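Heads up, the thing below is written out as structure tokens.
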Amino acid sequence: MKLSYAYIAAALIAAMPLGSCRSDSGRDELAHHHDHGHDHEAENHDHEAEEPGHSHESAEEAHDGEIVLAPEKGERFGVKVAEAAETPFSEVIVASGQIVPSPSETSVVAARSAGIVRLAAGIAPGAKVSKGATVATVSAQGMSGGDPNEGARVALEAARRELDRLTPLHEEGIVSTRDYNAARQRYDEARVAAGGRSGAGSAATAATSGIITNLLVGQGQYVEAGQPIAEISGSKRLTLRADLPEGKAASAARVTGASFRPSYSSETIDLDKLNGRRVSGDPYAAANGGYIPLYFDFDSDGSVVSGAFCEVYLRGAEKGSALTVPLSALSEQQGQMFVYVEAHPGAYRKQPVTIGSSDGHRVEILSGLRAGERFVADGVTFVRLAETSDVKPEGHTHSH
């Protein structure tokens with residue numbers, strides 16, 4: 001029995017070095033020092049015979065501070081490199097904003113008479129209605145003081161009977177033209193007063209086709225004549241309202257276009273691609289609450305939600321050429337911005353940069369990157385993972 005315990009202990013001790021060598025296999029996919037493409041037992045060469053700085057990942061030697069990611073792995077992870085160059089860049093002002101219905105496609109359904117509202121079947125926020133469709137009826141039946149709708153109907157009938165009586169008499173010369181015209185006027189006035197009214201009350205109809213975006217009254221609520229009942233918005237055009245701080249009022253006149261990023265999306269949308277145009281008037285007369293609203297009308301392609309808040313990039317006068325990179329090239333770490341510059345194929349160097357203004361797609365680089373340098377434009381996340389995976393456990397070496 002003692003002999004058996006001795007054999008077991010010896011086997012455990014012999015297995016320990018092999019286990020320590022494989023303790024970081026989970027990082028091997030992106031680590032540039034730990035990705036051994038060989039089996040220790042099947043090696044045909046000796047580690048001690050290798051030259052210093054030997055890399056199992058790249059044919060080129062990695063220097064201190066460089067992050068090595070094999071080109072084939074970079075391609076698989078979507079890492080793309082671009083050359084820094086100066087391009088035309090416009091003045092950009094960042095502001096908050098909101099997507100609202102376009103005034104040109106917004107209409108209000110109003111009550112034609114006073115009374116109790118009865119909404120038509122299916123009428124609710126989000127419902128589609130056609131031009132001329134009945135949204136609600138308003139009736140004063142049963143109310144104290146009588147039903148004005150019924151009074152208007154009675155007045156119309158009386159005026160019609162009087163006009164019918166005088167018409168043949170006027171033709172025979174028995175009734176003067178003045179009396180006939182007076183009867184005709186009373187009938188026209190009664191007809192206008194009773195217009196759109198029926199025994200069930202007056203009908204409130206949609207002036208345009210669209211979607212009901214807001215119901216301003218509830219079922220059974222009393223309304224006065226002319227009081228709004230519902231709002232209808234068309235679906236073809238929308239409006240972007242950008243709230244420009246008053247301190248930047250001088251820049252408002254130079255704003256020629258805009259792009260925006262909705263709160264529900266990471267994508268920046270350029271209004272030029274949606275047939276957008278600025279529609280606001282004099283900004284100096286429209287300041288409200290410390291902000292100047294600027295309005296842009298654009299086509300709705302179904303991807304933009306009305307009512308959504310967004311970050312707006314107002315485009316002003318061109319600043320000339322500037323060194324810019326796409327936003328996807330930046331990596332923020334502890335408040336500092338970095339780009340990853342290609343030292344040589346498969347090796348990158350993290351470089352701090354100072355950024356300027358952004359148009360929502362690209363950002364101006366003020367310092368830290370020179371024209372002609374190649375940088376990682378896409379796939380920065382994977383290069384950063386390769387950087388963090390290059391931390392070797394304490395005591396780990398290639399000497400086994």
Exercise. Considering the stretch 125-156 alone, what residues qualify as being among the polar types (S, T, N, Q), crowded, with 20+ Cβ neighbours inside 10 Å and at pLDDT below 90?
Worked result: SER139, ASN149
For this session: Kindly indicate whether any position in the stretch 231-243 is more than 15 Å from ILE99 (Cβ to Cβ) and either open to solvent by 30 Å² or more (accessible area, probe 1.4 Å) or part of a loop (DSSP other than H, G, I, E, B) (or both).
Result: yes
Exercise. Name the residues in the stretch 326-337 that are closer than 24 Å to GLU72 by Cα and part of a strand (DSSP E or B), would you?
Worked result: PRO326, SER331
Exercise. Among the residues of the stretch 266-288, is there at least one that is at pLDDT 85 or above, open to solvent by less than 70 Å² (accessible area, probe 1.4 Å) and of a type in the set (Ser, Thr, Tyr)?
Worked result: yes
Exercise. In the stretch 345-376, which residues are under 22 Å from VAL68 (Cα atoms) and of a type in the set (S, T, N, Q)?
Worked result: GLN351
Exercise. Do we have any residue at all in the stretch 301-317 that's farther than 26 Å from ILE211 by Cα and part of a loop (DSSP other than H, G, I, E, B)?
Worked result: no
For this session: Would you point out the residue of the stretch 338-397, among those that are of a type in the set (A, V, I, L, M, F, W, C), over 14 Å from VAL325 (Cβ atoms) and open to solvent by 20 Å² or more (accessible area, probe 1.4 Å), that is modelled with the lowest pLDDT?
Result: VAL391
Exercise. Hey, among the residues in the stretch 249-260 that are surrounded by fewer than 17 Cβ atoms within 10 Å (Cβ to Cβ) and touching a residue at least 60 places away in the same chain (Cβ under 8 Å), which one's farthest from GLY302 (Cα to Cα)?
Worked result: ARG254
Exercise. Hey, among the residues in the stretch 108-124 that are in a loop (DSSP other than H, G, I, E, B) and at pLDDT 90 or above, which one's surrounded by the fewest Cβ atoms within 10 Å (Cβ to Cβ)?
Worked result: ALA121
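The values are calculated or read from the model by the stated rules, or taken from the named source; none is laboratory data. Quick caveat: nothing in here was measured; it's all calculated off a predicted structure. No Cβ is skipped: glycine too gets one built from the backbone with ideal geometry, and neighbour counts run over all protein chains shown. We work out accessible area using only protein heavy atoms, side chains counted, and drop any ligands, DNA or RNA first. Shrake-Rupley method; radii C 1.70, N 1.55, O 1.52, S 1.80 Å.
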